[in-house]
Amino acid sequence: MAALRNVSIGPRLMGAFGVILILLVVTVGMGVWQLRALSAIAHDLATIDNEKLQLAVRWRQTIDLNWIRTKAAILDGDAARIATWQKEMDATSEISGASRQRIIELVHSPEGKAMLQDVDDARAAYRDPRAALMKRRATGEDVSKALDAELRPLADRYSGTIQK
């Protein structure tokens, strides 16, 4: 401390100014680094995450649309129209499949892959009973009670896993 007293005011002020300048450069550098990190996050949110959200919404909408068609086909008084309903459901399922495939390409995290596996499990649990119910209805059997009792919970679970 005594050596510092022997130095004139000019060099002391320059030293203090140098320390302040170094601190300023470090804080500006950290700020720029954080802004770049935020920019990358904002880019992901605006592009990739937004696309995943839109695909999931479209996927869920097509599932809900096919649920309505399934219900209409089963409750339709003319079992001969089942094939027409099924063609429309198949066309909508192609849209669902495309959305599903693109989401699979975009999801890389283990949590996201686990969620997709839940969706696939709910999908498999719904599709097979739906196909069986449609076949029974095509033969003229009244399956309207099974529609709400058996198939509706599976459809809700399938749609809900996508919403999640």
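The values are calculated or read from the model by the stated rules, or taken from the named source; none is laboratory data. On a predicted model such as this, the values are computed, not experimentally measured, just so you know. Positions of Cβ are backbone-derived with ideal geometry, glycine not excepted, and every protein chain shown enters the neighbour counts. Ligands, DNA and RNA are stripped out before the accessible areas are found, and what is left, the full protein with its side chains, is counted by its heavy atoms. Shrake-Rupley method; radii C 1.70, N 1.55, O 1.52, S 1.80 Å.
Some notes on this structure:
- Once C-alpha pairs closer than 8 Å and six or more residues apart are averaged by separation and normalised to the residue number of the stretch 43-97, the relative contact order reads 45 percent.
- Å² of accessible area per residue within the stretch 1-88, as computed with a 1.4 Å probe and no ligands counted: 75
- For the stretch 108-119, Karplus couplings with θ = phi - 60° (6.51, -1.76, 1.60), whole Hz, Gly/Pro x: 10, 6, x, 5, x, 5, 5, 5, 5, 5, 4, 5
- Spherically averaged projected area in nm², based on the convex hull that wraps the Cα atoms of the stretch 1-41: 3.3
- The distance linking the stretch 93-134 with the stretch 56-74 is 14 Å (Cα centroid to Cα centroid, whole angstrom).
- Among the lysines of the stretch 1-156, pairs that are 8 or more positions apart or on different chains and have alpha carbons within less than 16 Å of each other number 6.
- Label-point gap, in nm, between Leu21 and Val107 - each point 7 angstrom along Cα→Cβ: 5.5
- Report summary: the helix-based calculation at 222 nm, which adds -39500 (n - 2.57) for every DSSP H run with n ≥ 4 and divides by the residues of the chain, gives -28000 deg cm²/dmol.
- Residue with peak Gaussian network fluctuation, the chain [Cα springs, cutoff 10 Å], from Thr92, Thr70, Thr84: Thr84
- Split the accessible area of the chain by element, probe 1.4 Å, and carbon with sulfur accounts for 63%.
- Among Gln34, Gln54, Gln101, residue whose mean-square fluctuation peaks in a GNM of the chain (springs only between Cα atoms under 10 Å): Gln34
- Across the stretch 22-129, the relative contact order, built from alpha-carbon pairs under 8 Å that are at least six residues apart, equals 28 percent.
- Remark: spin-label model distance Ala132-Ser93 equals 1.6 nm, labels positioned 7 Å along the Cα→Cβ axis.
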